[in-house]
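Colleague: Below you'll find the structure I mean.
The values are calculated or read from the model by the stated rules, or taken from the named source; none is laboratory data. All of these numbers come straight from a predicted model, not from anything done at the bench. With ideal geometry, Cβ positions are generated from the backbone for all residues, glycine too; neighbour counts draw on all protein chains shown. In case anyone asks, the SASA skips ligands and DNA or RNA and just uses the protein heavy atoms, side chains included. Shrake-Rupley method; radii C 1.70, N 1.55, O 1.52, S 1.80 Å.
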Amino acid sequence: MKTYVASAVALLAVSAAPAMAADMAMKAPPMVAQLPSWTGFYIGINGGGAWGTTGTSASDVGPDGFFAFANIPAVVAGATRSFDNSGGLAGGQIGYLFQSGKGIFGIEASFDWANFNGSTSNGPTVYPVTPGSTFAWNLHASSDFLATFTGRVGYDMGSWYPYVTGGAAVAHLKYSANFIDTFYPTNVTNSFSKDAVGWVVGLGAEWRVADHWMLRGEYLYMDFDSFGGNGTIACTPGVGACGANTTTFNYSAKFRENVGRLALSYRF
């Protein structure tokens, strides 16, 4: 009898096994497609706009044979001011991304043609001591080149990732100060330029728009080293009240820029 029971149990188990296997197969979780890694070298193009400020200062370092002493503070104040600049930029970038888990790390160098410009004028301003005459400062600032060398850290969100970035920036900056005087007839421009180094920080987001194509938008803030130098102001000897009068001013300019740009890159 025991032999008959054991045989029946074994037969039921063999009969039920295919049904159980089929049921387990139906309940298996679906396979999830894995997106490709962000790791790889890339190259691309970018463009956007910039807006910022240029802070300027001037001081009379003499020897002063040009201005009456009481006029100097007004003249210096006219060349010490802050004004806006803005413009566009376009260029390219090259870099490398590395993904580890959900973390994305990158380095990049970008090079852009730039056209940032700003200017201001304070005149004509009446002299406080010689009210029959006036003076004016016409200040102008510009930049025609921008390069950034940055690192970035982001978090993988699947088809896109947000990131923060920071590093160094280099820009070719220009500054000019034009002084016009009617008492000592003068129209003199002192100009300065420098490949200034600064720091940059920012944030952005990048999207995977195709297998190898990436599109991103980013905001950057840049602060550059001050630059400038000494310049001589002289009137025309023998004209008006001019004798052999000259004086030397020390000029300085500092650029702070905000940049918003889009970048399209091909990842190898």
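Colleague: How many of the residues in the range 211-225 are assigned to a strand (DSSP E or B) and surrounded by fewer than 16 Cβ atoms within 10 Å (Cβ to Cβ)? Working first, answer last.
Modeller: Restricting attention to the range 211-225, the residues satisfying the condition of being assigned to a strand (DSSP E or B) are 213-224.
Then drop every residue that is not surrounded by fewer than 16 Cβ atoms within 10 Å (Cβ to Cβ), which leaves 213, 217, 219, 223.
The number of residues fulfilling the criteria is 4.
Colleague: Continuing with the same structure: Would you confirm whether any residue within the range 203-210 is farther than 25 Å from L89 by Cβ and modelled with pLDDT under 95?
Modeller: Yes: the range 203-210 contains one or more residues that are farther than 25 Å from L89 by Cβ and modelled with pLDDT under 95.
Colleague: Something else now. Evaluate the range 171-189: report whether one residue or more is charged (D, E, K, R) and either exposed (fewer than 15 other Cβ atoms within 10 Å of the Cβ) or not in a strand (DSSP E or B) (or both). Spell out how you get there, then give the answer.
Modeller: Step one: filter the range 171-189 for residues charged (D, E, K, R), giving 174, 181.
Now restrict to residues that are either exposed (fewer than 15 other Cβ atoms within 10 Å of the Cβ) or not in a strand (DSSP E or B) (or both): none.
Scanning the range 171-189 turns up no residue that is charged (D, E, K, R) and either exposed (fewer than 15 other Cβ atoms within 10 Å of the Cβ) or not in a strand (DSSP E or B) (or both).
Colleague: Looking at the range 149-157, can you tell me whether even one residue there is of a type in the set (A, V, I, L, M), in contact (Cβ under 8 Å) with a residue 24 or more places away in the chain and touching a Ser or Thr at 6+ places or on another chain (Cβ under 9 Å)?
Modeller: Step one: of the range 149-157, the residues of a type in the set (A, V, I, L, M) are 153, 157.
With the extra rule that they be in contact (Cβ under 8 Å) with a residue 24 or more places away in the chain, the set shrinks to 153.
Then drop every residue that is not touching a Ser or Thr at 6+ places or on another chain (Cβ under 9 Å), which leaves 153.
Yes, the range 149-157 contains a residue that is of a type in the set (A, V, I, L, M), in contact (Cβ under 8 Å) with a residue 24 or more places away in the chain and touching a Ser or Thr at 6+ places or on another chain (Cβ under 9 Å).
Colleague: Given the criteria modelled with pLDDT of 80 or more and open to solvent by 40 Å² or more (accessible area, probe 1.4 Å), does Y266 qualify?
Modeller: Here the answer is yes, as Y266 does meet what is asked.
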